[in-house]
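To keep things clear, I will list the structure first and then write my remarks on it.
The values are calculated or read from the model by the stated rules, or taken from the named source; none is laboratory data. Worth saying up front: this structure is predicted, and the values here are computed from it rather than measured. Cβ coordinates were reconstructed from backbone atoms using ideal geometry, including for glycine residues, and neighbour counts include every protein chain displayed. The area values use the complete protein model at the heavy-atom level, side chains included, leaving out ligands, DNA and RNA. Shrake-Rupley method; radii C 1.70, N 1.55, O 1.52, S 1.80 Å.
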Amino acid sequence: MKFLMLCREPRLYSCRRLLDTARHCGHQMDILDPNRCLLKLSQNPPHFEVYYQTERGRSPYLLSGYDALIPRFGSASTYTGCALLRHFAAQGSLCLNDETAFLNARDKWRSLQLLAQAGLPVPSSLFAGSEYESKVAVRQTKSPLVLKTLKGSQGIGVILAEKPQSAVSMLETLGQANVPVLLQEFIAEAGSADLRCFVIGDRVVAAMRRQGGEEEFRANCHRGGRGEKVLLNEQQTRIAVAASRALGLDVAGVDLILSANGPLVLEVNASPGLEMIEKTSGIDIALQMIVYLEKKIAASVKMT
Ligand SMILES: Nc1ncnc2c1ncn2[C@@H]1O[C@H](COP(=O)(O)OP(=O)(O)O)[C@@H](O)[C@H]1O
Ligand SMILES: [Mg+2]
């Protein structure tokens, strides 16, 4: 098979692991930067082409013949990356997380709506339009509360406002800068810890408990959080799998937080990192992703 991984930093652990594993399984894999692509549309009949320019001054070449795409681009490349996923899907390539699912996961408010619609437990949250008075919005929640930019990741854009006045001033500042944010109840009893559940298809293949560092409520590894292997109970497993499915993802990193009223889904990541979770769980997740992709391709060939 011929795979294309869309990624801006091929040296990252996750990309290297997926590349080595795909090759080990006998596949060919290119790793290309979505921002170096040109998408071309033409009519009668509709025609979808993608060109790639390796570097400035170089002649572009046509990309084609990929059986599947593995999207691993960051949030700064979401728009272009997703446009590429749709373009390649129109050519008949499969995606390990398609464009729609990816876009669902990259918008924190949209994700929460879809999760809640699927009957999944999420923290109480608010999203105010730009003309809605900040202090009135904040009055509709309890303090302390968490503010989140809709497109943030790795803990960046997640802010704790201890007092209503701080939440109001942060909301006004972000509003002025045109950065949309949501407000969320702060789950203090979680003690700066969460559960990262790695879901592939309808299975949780690995999970870890992450504990935020000292004086840090965010448990993200990128913010100094420490991971340890954890076995999920039946309820946590069911919620994690259902959360991935609610967004339409094949592969997901579901973040659960343990509240006094049970586990709540914080967010669902469409390109979850492999390093910390492979190291803490000892599970070859890259292999499980490639095997899942092989099965998905085989199933689609059978259908056509
Ligand atoms: N409502 C909340 N209450 C308590 N802690 C939270 C809450 N929301 C997020 N956190 C902490 O912040 C971290 C990052 O939040 P998350 O929503 O997962 O965004 P990101 O995409 O940046 O990882 C979580 O892993 C969790 O530790
Ligand atoms: Mg997270």
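3J(HN,Hα) along region 106-119: 7, 10, 5, 6, 4, 4, 4, 4, 5, 5, 5, 4, 7, x Hz, from the Karplus curve 6.51 cos²θ - 1.76 cosθ + 1.60 with θ = phi - 60°, whole Hz, x for Gly and Pro.
Residue by residue, region 35-52 carries 3J(HN,Hα) couplings of 7, 9, 9, 10, 9, 10, 10, 9, 9, 6, x, x, 9, 10, 10, 10, 10, 10 Hz when phi is fed to the Karplus relation 6.51 cos²θ - 1.76 cosθ + 1.60 (θ = phi - 60°); x denotes Gly or Pro.
Estimated purely from DSSP H runs of n ≥ 4, each contributing -39500 (n - 2.57), the mean residue ellipticity at 222 nm for the chain is -10000 deg cm²/dmol once divided by its residues.
Estimated from the Cβ-Cβ distance and a Förster radius of 35 angstrom, the FRET efficiency linking D20 and S169 is about 0.15. On full extension, the segment bounded by R36 and V179 gains 48.8 nm, given 0.36 nm per residue less the C-alpha separation. Label-to-label distance for K302 and E9 is 3.9 nm, based on points extended 7 Å past Cα in the beta-carbon direction. Comparing Cα centroids, region 13-87 and region 255-304 end up 21 angstrom apart. Placing dummy labels 7 Å off each Cα toward the beta-carbon, the span from N261 to L126 is 1.6 nm. Dipole magnitude for region 2-104: computed about the Cα centre from +1 point charges on Lys and Arg Cβ and -1 point charges on Asp and Glu Cβ, it is near 280 debye. Restricting the GluC sites (Glu not before Pro) of region 75-150 to loop positions (DSSP other than H, G, I, E, B) with no more than 14 neighbouring Cβ atoms within 10 Å leaves E131, E133.
M1 exposes around 90 Å² of accessible area when a 1.4 Å probe is run over every protein chain in place. Oblate is the label for region 125-186, because the ratio a/c of its alpha-carbon gyration tensor axes (a ≥ b ≥ c) is 1.5 or higher and a/b is not greater than b/c. Just checking the listed ones, N220, N97, N261: in the Gaussian network model of the chain with Cα springs under 10 Å, the one fluctuating most is N261.
Taking all protein chains together, R72, R56, R17 sort by accessible area into R56, R17, R72, largest first [probe 1.4 Å].
Taken over the chain, lysine pairs spaced eight or more positions apart, or on distinct chains, with alpha carbons under 25 Å apart number 17. Judged by the gyration tensor of its Cα atoms, with axes a ≥ b ≥ c, region 2-104 is rounded; a/c sits under the 1.5 cut. Counted residue by residue at 0.36 nm each, then reduced by the alpha carbon distance between them, the extension gain from K135 to R223 reaches 28.7 nm. Estimated from the Cβ-Cβ distance and a Förster radius of 41 angstrom, the FRET efficiency linking E216 and N44 is about 0.10. Remark: accessible surface ordering of K2, K108, K40 (largest first) is K40, K2, K108, probe radius 1.4 Å. Compared with the dominant Cα axis of the chain, that is its longest principal axis, helix 78-90 is turned about 40°.
Counting only heavy atoms of the protein chains and using a 1.4 Å probe, S130 has close to 110 Å² of accessible surface. Provide the FRET efficiency to the nearest 0.05 for the E275-S59 pair, computing r from the beta carbons and using R0 = 35 Å. Efficiency, from the Cβ-Cβ distance: 0.45.
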